[in-house]
Amino acid sequence: MAPSESSRAKGPVLLFPSSSSASASARVEAVVVFNICDSYVRRPAQAERVIGTLLGSVLPDGTVHVRNTYVVPHSESADQVALDVDYHHNMYASHHKVNPKEVIVGWFSTGFGVSGGSTLIHEFYSREVQSPIHLTVDTGFTRGDASIKAYISSNLSLGDRHLAAQFQEIPLDLRMLDAGKVGFDILKSTILEKLPNDLDGIESSIEKLCTLSDEIYRYVDDVVEGCAAADNKIGRFISDSVASMPKFSPAAIDKLFNDKIEDNLALVYLSSLTRTQISIAEKLNTAAQML
């Protein structure tokens, strides 16, 4: 491992739930959660958790907007944590060249809640940035789902004596588009036989669409028959939704679907061809080195 910084635990950890009067809040993009989960899957066999740096910006209202992340190699024991500081600084320099607006705003770890080792890591990031946030993603499904929480920390002292580290949970806004929500729902499942393919995704979407359509039909019928009170907002929303639908004939829809299938098959063929070329090149390179 490259030069690292190690620390030892200095005191207990106090954890407080979120408060409506919290002075800070966090906004996290879906790609950050996906990157953290992917890093956890790819972690070394001996690693119990993954930690890393959060990148983003602080909005004018004080909200910490997290937009990117990268993993920092580390090792830890019961009372000591060692971070690969050189790797952390090199990765941040590379990210900063690509997007200078993204700065260090905190760090993340997988697992449920805050541990004693978290205080040591948070102390390091407190020297990197003022008031860093700590994001936790429960990839172990400790309570049955992928709990995601954000914290800020402060030290409790009596005179010159450090007593404990206080972690206060802050409000968290997880920003997801519809496509991101589908992927996150899959990640939250504790049991999954296989990842859905394109056809499974289309089938699931159509089933949800049919269910919603049936609910709309029942609502409209109830309003027409006088069994339910009319709501102008709902009526305008239904009207706008129907008007936004493209007017395609069945033949045009079939053509679009078939064209999409042909494009996907072409991509699969090209990917297979590329893999074959790479495999042949590797074998030729190995043979040339042996001669």
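The values are calculated or read from the model by the stated rules, or taken from the named source; none is laboratory data. None of the values given here were measured: they were computed from a predicted structure. Neighbour counts run over all protein chains shown; Cβ positions are idealised from the backbone, glycine included. Ligands, DNA and RNA are excluded from the accessible area calculation, which covers all protein heavy atoms including side chains. Shrake-Rupley method; radii C 1.70, N 1.55, O 1.52, S 1.80 Å.
Has the stretch 142-157 got at least one residue that is at pLDDT 80 or above, open to solvent by less than 50 Å² (accessible area, probe 1.4 Å), at negative phi and not β-branched (Val, Ile, Thr)? Checked the stretch 142-157: at least one residue is at pLDDT 80 or above, open to solvent by less than 50 Å² (accessible area, probe 1.4 Å), at negative phi and not β-branched (Val, Ile, Thr).
In this structure, residue 118 does satisfy being of a type outside the set (Lys, Arg) and open to solvent by less than 60 Å² (accessible area, probe 1.4 Å). For residues in the stretch 169-181 being open to solvent by less than 50 Å² (accessible area, probe 1.4 Å) and farther than 14 Å from residue 135 by Cβ, which is modelled with the highest pLDDT? It comes out as 176. Can you find even one residue in the stretch 203-215 that is modelled with pLDDT of 85 or more and more than 25 Å from residue 257 (Cα to Cα)? Looking for residues that are modelled with pLDDT of 85 or more and more than 25 Å from residue 257 (Cα to Cα), one finds at least one in the stretch 203-215, hence yes.
Taking the stretch 205-227 as the range and being among the hydroxyl-bearing types (Ser, Thr, Tyr) and in contact (Cβ under 8 Å) with a residue 12 or more places away in the chain as the test, only 219 passes.
Pick from 243, 287, 266: which is over 38 Å from the mean Cα position of the chain (by Cα) and free of Cβ contacts under 8 Å to residues at least 12 places away in the same chain?
Criteria check complete, one pass: 287.
Evaluated against (1) free of Cβ contacts under 8 Å to residues at least 40 places away in the same chain; (2) surrounded by 22 or more Cβ atoms within 10 Å (Cβ to Cβ); (3) in contact with a helix residue (DSSP H, G or I) (Cβ under 7 Å, 6 or more places away or on another chain), residue 88 falls short on exactly one condition, (3).
Going residue by residue through the stretch 93-105, is there one that turns out to be hydroxyl-bearing (Ser, Thr, Tyr) and either surrounded by fewer than 18 Cβ atoms within 10 Å (Cβ to Cβ) or out of contact with any Lys or Arg (no Cβ under 8 Å at 6 or more places or on another chain) (or both)? Yes, the stretch 93-105 contains at least one residue that is hydroxyl-bearing (Ser, Thr, Tyr) and either surrounded by fewer than 18 Cβ atoms within 10 Å (Cβ to Cβ) or out of contact with any Lys or Arg (no Cβ under 8 Å at 6 or more places or on another chain) (or both). Against the numbered list (1) more than 18 Å from residue 152 (Cα to Cα); (2) at pLDDT 90 or above; (3) hydroxyl-bearing (Ser, Thr, Tyr), residue 40 comes up short only at (2).
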